[in-house]
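Peer 1: Here it is, the structure, as structure tokens.
The values are calculated or read from the model by the stated rules, or taken from the named source; none is laboratory data. The model shown is predicted, which means the values in this text are computed figures rather than measured ones. Here the Cβ positions follow ideal geometry from the backbone for every residue, glycine too, while neighbour counts run over all protein chains shown. What goes into the accessible areas is simple: the full protein's heavy atoms, side chains included, and nothing from ligands, DNA or RNA. Shrake-Rupley method; radii C 1.70, N 1.55, O 1.52, S 1.80 Å.
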Amino acid sequence: MIEPTLNYVLCPGPGATAVPAGQDPAAARPVTGPQHRMAYWEWNATGNPAHPHVIVCVHGLSRQGRDFDVLARELSQHARVVCPDVVGRGQSDWLADPMGYQIPQYGADMVALLAQLHQQAPIATLDWVGTSMGGLIGMGITGQPDLPLPVPVRRLVLNDVGPVIQWQALQRIGQYLGFLATFESLQQAADAMWAISTSFGPHTPAQWLELSRAMVRSLPEGGVTLHYDPAIAVPFRSMTQEAAAAGEAFLWQLYDQITARTLLLRGADSDLLSHETAQAMAGRGPRAQLVEFAGVGHAPTLVAADQVAAVRGFLLAEEGAAAA
């Protein structure tokens, strides 16, 4: 079975060493240098290491790039599939300034990633799959035509996210984000994560264990904890309902400037992307094609066969078929 390779790109903004357990995540952290490394997992089963079609898959707020293993294995038969660990998550460095854990920094990191990929092997076709936060980053990348991208994004998949984010969903996420417990085993951690992740929809125990494997890191004293810098919660918790509402106009402006053909996936029970917002997205800007999954909330994990098929069909269809 094909496995990905782990790679790194240097990005602007100082990194930091990990904060000792129990220390305030917003406290000053030792700076490691003027740049930080972002890790990314590359899948390629095309037989051509310089394949000109690149698909970038970007995860949600507290997740990491191995979330896309099932989808990436499928797509990697046809393209280079690149799944970054957004800074502060997975194998990537942590930031010296916790307030850097916001979309502008993430977008700058993705521009650096695309430049490195293009330097390694010229990109002719570029597609983007973004789950939740990864979709917001994708809107920033595709909705700003002046960004120095190797090529414009051709097709964009927004997974359960849009310009309007329901405040009650942010409150729900804030109840657990940044509180890193210690677990005796991967299975114990997986069980704890499932308790707050049932909105992802039905998964077999084996599927959930695989989704959980890269969500933890080993501790020197034994056991495991979650993979991310708890300081990613610092800017998240500083957000107010008024600030979130004020940001909607800017996000709609980005969305309306997207020229990429767009697929919008929505969990039919999502508390983050309302049906009304999804319908509005289908009627303006790139006029996203909307696909909803019954029995799923926020957010579809792109593991189930019907979810994989929807993304695969959209990204790999010929232009005429995709337009239809």
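Peer 1: With all distinct Cα pairs included, what does the Kirkwood hydrodynamic radius of the chain come out to in Å, to one decimal, could you say? The partial results should precede the final answer.
Peer 2: Values: mean 1/r = 0.0503 Å⁻¹.
About 19.9 Å for the chain.
Peer 1: Related question: Give the residues of the stretch 287-304 whose amide nitrogen is closer than 20 Å to a point set 7 Å from the Cα of Ala244 in the direction of its Cβ.
Peer 2: It comes to 297-300, nothing else.
Peer 1: Taking only the alpha carbons of the stretch 151-248, what extent do you get along each of the three principal axes, in Å, biggest first?
Peer 2: For the stretch 151-248, the Cα extents along the three principal axes come out at 44, 33, 31 Å.
Peer 1: Let me ask another. What's the ranking of 291-300, 199-208 by average number of surrounding C-beta atoms within 10 Å, highest first? Don't jump to the answer; show the numbers that get you there.
Peer 2: On the way: 291-300: 20.1, 199-208: 14.9.
Ranked by mean Cβ neighbours within 10 Å, highest first: 291-300, 199-208.
Peer 1: If you don't mind, there's one more thing I want to ask. How far apart, in nm, are the 7 Å Cα→Cβ label points at Phe179 and Leu219?
Peer 2: Result: 1.6 nm between the two label points.
Peer 1: Right, here's the next one. Take the Cα radius of gyration of the stretch 58-130 and divide it by 2.2 N^0.38 Å, with N its residue count; two decimals is plenty.
Peer 2: Details: Rg = 13.0 Å, N = 73, 2.2 N^0.38 = 11.2 Å.
Rounded to two decimals, the normalised Rg is 1.16.
Peer 1: In nm, to one decimal, how far is the Trp167 label point from the Asp269 one, both placed 7 Å along Cα→Cβ?
Peer 2: The answer from the label model is 2.5 nm.
Peer 1: Put one equal scatterer on each alpha carbon of the stretch 4-102, apply the Debye formula with no solvent term, and list log10 I(q)/I(0) at q = 0.15 1/Å to two decimals.
Peer 2: Treating every Cα as an identical point scatterer, log10 I(q)/I(0) equals -0.64.
Peer 1: If you count only protein heavy atoms with a 1.4 Å probe, what accessible area per residue comes out for the chain, rounded to a whole Å²? Could you put the intermediate results ahead of the total?
Peer 2: On the way: 13550 Å² over 324 residues.
Per-residue value: 42 Å².
Peer 1: With 18 Å as the cut-off, how large is the P(r) tail for the stretch 23-178, expressed as percent of Cα-Cα pairs? Before the final figure, lay out the partial values.
Peer 2: Details: 7180 of 12090 pairs.
Distances greater than 18 Å cover 59 percent of the Cα pairs.
Peer 1: Which whole-Hz couplings ³J(HN,Hα) result when phi for each residue of the stretch 258-271 is put into the Karplus expression 6.51 cos²θ - 1.76 cosθ + 1.60, θ = phi - 60°, listed in order with x for Gly and Pro?
Peer 2: Per-residue couplings from phi come out as 6, 9, 5, 5, 10, 10, 10, 9, 9, x, 4, 9, 4, 9 Hz.
Peer 1: Would you calculate a helix-derived [θ] at 222 nm for the chain, using -39,500 (n - 2.57) for each DSSP H run of n ≥ 4 and dividing by the full residue count, to the nearest 500? Please report the intermediate quantities before stating the final value.
Peer 2: Working: 11 runs with 110 residues, N = 324.
It comes out at -10000 deg cm²/dmol, rounded to the nearest 500.
Peer 1: Moving on to the next point. Multiplying the sequence separation of Gln207 and Gln188 by 0.36 nm and subtracting their Cα-Cα distance, what value in nm do you get?
Peer 2: Values: separation 19, 0.36 × 19 = 6.84 nm, distance 1.51 nm.
Contour length minus the Cα-Cα distance gives 5.3 nm.
Peer 1: Enumerate the amide H contacts of Leu290 below 5 Å, restricted to partners 5 or more residues apart or on another chain; note that Pro and chain-start residues carry no placed amide H.
Peer 2: Hits under the 5 Å cutoff: Leu264.
Peer 1: If you don't mind, another one. Got the relative contact order for the stretch 62-215 handy, in percent, Cα pairs under 8 Å and 6 or more residues apart?
Peer 2: Values: 119 pairs, mean separation 31.0, N = 154.
About 20 percent, as a whole number.
Peer 1: State the percentage of accessible surface on the chain attributable to carbon and sulfur atoms; use a 1.4 Å probe and exclude ligands, DNA and RNA. Intermediate results must be reported in sequence, preceding the final value.
Peer 2: On the way: 7570 of 13550 Å².
The value for the chain is 56 percent carbon and sulfur by accessible area.
Peer 1: Next question, about the same structure. Express in nm, to one decimal, how much length is gained between Asp256 and Asp146 on full extension, taking 0.36 nm for each residue of separation and deducting their alpha carbon distance. List each step's numbers first, then the result.
Peer 2: Numbers: separation 110, 0.36 × 110 = 39.60 nm, distance 1.48 nm.
Taking 0.36 nm per residue and subtracting the Cα distance, the gain is 38.1 nm.
Peer 1: Whose amide H sits under 5 Å from the amide H of Gly13, counting only residues 5 or more places off or on another chain, with H placed in the peptide plane?
Peer 2: Correct list: His36.
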